[in-house]
Each structure stands twice: as structure tokens, then as C-alpha cells.
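The values are calculated or read from the model by the stated rules, or taken from the named source; none is laboratory data. All values derive from a computational prediction rather than experimental measurement. No Cβ is skipped: glycine too gets one built from the backbone with ideal geometry, and neighbour counts run over all protein chains shown. When the accessible area is computed, the model is the full protein with side chains, heavy atoms only, and any ligands, DNA or RNA have been set aside. Shrake-Rupley method; radii C 1.70, N 1.55, O 1.52, S 1.80 Å.
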Amino acid sequence: MYYIYMVRCADDSLYTGIAADLARRLREHVEKAPAAAKYTRSRQVEALEMAWTASDRSAASRLEYAIKKLPRAKKLELIADPARLAQLLPQLNDGDYTPLSCLSLAEWVKGERE
């Protein structure tokens, strides 16, 4: 299983990524580990805004790429209403993605969610 996630940084920017282990990846971003994305090493990650699961890396990569191409306003719409995934990204099969219900950054970083 792969995760596609969107985090909000202290400067109010959004970062989208994929991970096989979401808890580990979020810890890397928050702790500014060497394996963290260059983007998040230079910004403070404040919140996990949205996350989905995908069964394989290929599907996860397609969603990540599609989200990264969206303008900020559309990303915010997707965060506000994840059910609009098919409407905002009609080129994807929204049945390949399941939104996560727990979006607490602190719980994921502490490893309390899997």
C-alpha cells in the first residue's frame, strides 16, 4: 500500500508527496531529516491536510503528479472536500484511491497511526 499526502507548511504552502510508510515519511519532514524533501527541509511542516491510500506505486504516482499540477485553489478545494477527487481530476479512476480519516500530524509522527 502507498500513501499520497498533502502537508501544510508554516508559510502556508502545500507540499504533496507519496510514501510506503507515511509515519516514517512525516517524521522525516517534521524532523528535517536528510531523507526529507528539499522543499520541507527549508520550511516547517505544520499539518497533514489530506491523505489517500493507493494499492500500488504506479497509482500513487499518478495521483501525486495530478495533484502537483493543480493550481492552489483546486488543491484547497480537494482538501475541503476529498469526495471531489473525480470531479477535479477526471483523468484518474477515483476508485483506486481511499481517503484516510485520521489526519493528525502529531499522531502519525508519534507512530500512533498505521
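Numbers at a glance
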quantity: Selection within the range 56-75 - surrounded by 12 or more Cβ atoms within 10 Å (Cβ to Cβ), without any contact (Cβ under 8 Å) to a residue 24 or more places away in the chain and within 16 Å of Gly17 (Cα to Cα); calculated: Tyr65, Leu70
quantity: Selection count where residues are among the charged types (D, E, K, R) and in contact with a strand residue (DSSP E or B) (Cβ under 9 Å, 6 or more places away or on another chain), scope the range 13-27; calculated: 2
quantity: Single residue of the range 34-55 satisfying the filter (surrounded by 14 or more Cβ atoms within 10 Å (Cβ to Cβ) and charged (D, E, K, R)) that is nearest to Tyr2 (Cα to Cα); calculated: Glu49
quantity: Test for Tyr39: is it more than 17 Å from Trp108 (Cα to Cα), out of contact with any Phe, Trp or Tyr (no Cβ under 9 Å at 6 or more places or on another chain) and without any contact (Cβ under 8 Å) to a residue 40 or more places away in the chain; calculated: no
quantity: Selection within the range 79-114 - without any contact (Cβ under 8 Å) to a residue 40 or more places away in the chain and either under 15 Å from Tyr15 (Cβ atoms) or open to solvent by less than 30 Å² (accessible area, probe 1.4 Å) (or both); calculated: Leu85, Leu88, Leu89, Leu92, Cys102
